[in-house]
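Have a look at the structure below before the remarks.
The values are calculated or read from the model by the stated rules, or taken from the named source; none is laboratory data. Predicted, not measured: the structure shown is a model, and the values here were computed from it. Glycine gets a Cβ as well: all are built from the backbone with ideal geometry, and neighbour counts include every protein chain shown. Keep in mind that these areas ignore ligands, DNA and RNA; they rest on the heavy atoms of the full protein, side chains included. Shrake-Rupley method; radii C 1.70, N 1.55, O 1.52, S 1.80 Å.
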Amino acid sequence: MDHRLLEIVACPVCNGKLYYNKEQQELICKPDGLAYPVREGIPVLLENEARTLSADEIHP
């Protein structure tokens, strides 16, 4: 994932900062508890494509 892209991409729900999880290939929004998939290097920033994070994932 390009670090320059991470600087400009934002959560489509709250416009907050997203964090990249390389292992899971996801962009994480902790305030909303959502994980957006990254498919073939392209972030899929659609709320209906995001998975809900578990409580353990939000507060490890």
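Select from segment 1-14 the residues that are open to solvent by 30 Å² or more (accessible area, probe 1.4 Å) and at pLDDT 90 or above and list them in ascending order.
Scanning segment 1-14 gives Ile8, Ala10, Pro12, Val13, Cys14.
Within segment 39-53, identify whether any single residue is at pLDDT below 95 and among the aliphatic types (A, V, I, L, M), and answer yes or no.
yes
So that you can scan it fast, the table gives a plain yes or no per residue for (1) of a type in the set (A, V, I, L, M); (2) exposed (fewer than 10 other Cβ atoms within 10 Å of the Cβ):
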| site | (1), (2) |
| --- | --- |
| Lys22 | no, yes |
| Cys29 | no, no |
| Asp32 | no, no |
| Leu45 | yes, no |
| Asp56 | no, yes |
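Can you tell me which residue is farthest from Glu49 (Cα to Cα) among those in segment 1-36 that are outside any strand (DSSP E or B) and among the β-branched types (Val, Ile, Thr)?
Going residue by residue through segment 1-36, those that are outside any strand (DSSP E or B) are 1-9, 11-16, 18, 22-25, 30-33.
Subset that is among the β-branched types (Val, Ile, Thr): 8-9, 13.
Details: Ile8: 20, Val9: 16, Val13: 12 Å.
Of everything passing the filter in segment 1-36, Ile8 is farthest from Glu49 (Cα to Cα).
Do the conditions hold for Lys17, that is, is it loosely packed, with under 15 Cβ neighbours inside 10 Å and either free of Cβ contacts under 8 Å to residues at least 24 places away in the same chain or of a type in the set (Phe, Trp, Tyr) (or both)? Full working, then the answer.
Numbers: loosely packed, with under 15 Cβ neighbours inside 10 Å: no; either free of Cβ contacts under 8 Å to residues at least 24 places away in the same chain or of a type in the set (Phe, Trp, Tyr) (or both): yes.
When the stated conditions are applied, Lys17 does not pass them.
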